[in-house]
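Asks: Below is a structure I'd like to ask you about.
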Amino acid sequence: EIKVFGVYDPADYNFNLNMWSSTKADDFKASLNRIEKISLSKTSSEILENVLLSFSYPPNGMSEKEFANLKIDWLIKNNKIELIESFLKQNKEFSGKKKAVQYLVDNNISKANIKEGCEKIEFIDSTVKDSYLEKFKIYCLVFNNKKSQAQLLLDLLREQKQSDKFFDDKINFLLGITNETSNKINEKNLLNFYLSSITTKDFKYTPTKKTKKEIWKYLNAANLIK
């Protein structure tokens, strides 16, 4: 059995490492594109996941960075939430980590079920460091009324220059440090948009064709579309 994310059977070690090395990068990408157009059975999908995500050298003519990004893009495109979580738990550093973290956080926020999202995010190992994830963790502490811990993490994030004026303003308001906050709706990412929606009095937002898909999902789940 071929295991994913570098957790493999030692007997398959050499096979795993070299399984793509003799395949040309263009042929690999063309094959994956053809497979994407096919409706696979559950068993076939599982085989594809194992083969694609096993620990191995990249195809001939493809860099490790491109190979890692291709895997992350495939996971996101196919909404493989559990596999993304496993990837983050088992790999401290990899190309495309920020994209994977943001997708996982946004998936939780877009359901408008922050309680569940905060519970799931706790399972990500503390060694995984990303500013977007850290910001969500800080908000989760506020959400769960652990304000002193939230303040401590926010101070650390500021020291590392990983926070920003908008996030500081919203968290300070939610912590009760300030009595007022900006009513400007920030659409830079879903976390900013969510914080805008819960801190703006009489929040009103009219989506357009340019509105990001994840914002549409959140608006629908939170019954904010009028």
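The values are calculated or read from the model by the stated rules, or taken from the named source; none is laboratory data. Computed from a predicted structure; not experimentally measured. In this analysis, Cβ positions are derived from the backbone assuming ideal geometry, glycine residues included, and neighbour counts consider all displayed protein chains. Accessible surface areas use protein heavy atoms only, side chains included; no ligands, DNA or RNA. Shrake-Rupley method; radii C 1.70, N 1.55, O 1.52, S 1.80 Å.
Asks: Considering (1) open to solvent by 20 Å² or more (accessible area, probe 1.4 Å); (2) not in a loop (DSSP other than H, G, I, E, B), say which one PRO58 fails and leave the rest.
Replies: PRO58 satisfies every listed condition except (2).
Asks: Restricting the search to segment 154-168, which residues are among the hydrophobic types (A, V, I, L, M, F, W, C) and open to solvent by 50 Å² or more (accessible area, probe 1.4 Å)?
Replies: From segment 154-168, those among the hydrophobic types (A, V, I, L, M, F, W, C) are 154, 156-157, 166-167; that's our starting set.
Within segment 154-168, LEU156 is the sole residue that qualifies.
Asks: Further question on the same structure: Could you list, in sequence order, the residues of segment 192-210 that are more than 18 Å from ASP106 (Cα to Cα), β-branched (Val, Ile, Thr) and surrounded by 13 or more Cβ atoms within 10 Å (Cβ to Cβ)?
Replies: Of everything in segment 192-210, those that are more than 18 Å from ASP106 (Cα to Cα), β-branched (Val, Ile, Thr) and surrounded by 13 or more Cβ atoms within 10 Å (Cβ to Cβ) turn out to be THR199, THR200.
Asks: Return yes or no: is ILE171 loosely packed, with under 15 Cβ neighbours inside 10 Å and over 16 Å from the mean Cα position of the chain (by Cα)? It would help to see each step written out before you state the result.
Replies: Working: loosely packed, with under 15 Cβ neighbours inside 10 Å: no; over 16 Å from the mean Cα position of the chain (by Cα): yes.
No; evaluated as a whole, the condition is false for this residue.
Asks: Okay, moving on. Condition first: buried (at least 18 other Cβ atoms within 10 Å of the Cβ) and at pLDDT 90 or above. Can you find one or more residues in segment 82-105 that meet it?
Replies: No, segment 82-105 has no match at all.
Let's see how each residue does on (1) under 28 Å from GLU93 (Cα atoms); (2) assigned to a loop (DSSP other than H, G, I, E, B); (3) modelled with pLDDT of 95 or more; (4) out of contact with any Pro (no Cβ under 8 Å at 6 or more places or on another chain):
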position: LYS129; (1), (2), (3), (4): yes, yes, no, yes
position: TYR132; (1), (2), (3), (4): yes, no, no, yes
position: LEU156; (1), (2), (3), (4): yes, no, no, yes
position: LYS161; (1), (2), (3), (4): yes, yes, no, yes
position: PHE166; (1), (2), (3), (4): yes, no, yes, yes
position: LEU174; (1), (2), (3), (4): no, no, yes, yes
position: ASN183; (1), (2), (3), (4): no, yes, no, yes
position: LYS201; (1), (2), (3), (4): no, yes, no, yes
position: TYR205; (1), (2), (3), (4): no, yes, no, yes
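Asks: Then there's this: Tell me which residues, restricted to segment 182-207, are more than 24 Å from the chain's Cα centre (by Cα) and not hydrophobic (A, V, I, L, M, F, W, C).
Replies: SER182, ASN183, LYS184, THR200, LYS201, ASP202, LYS204, TYR205, THR206
Asks: Of everything in segment 143-153, what is in contact (Cβ under 8 Å) with a residue 24 or more places away in the chain and surrounded by fewer than 18 Cβ atoms within 10 Å (Cβ to Cβ)? Give them in sequence order. Walk me through it before giving the result.
Replies: To start, the set of residues in segment 143-153 that are in contact (Cβ under 8 Å) with a residue 24 or more places away in the chain comprises 143-144, 147, 150-151.
Those that are in contact (Cβ under 8 Å) with a residue 24 or more places away in the chain and surrounded by fewer than 18 Cβ atoms within 10 Å (Cβ to Cβ): PHE143, ASN144, LYS147, GLN151.
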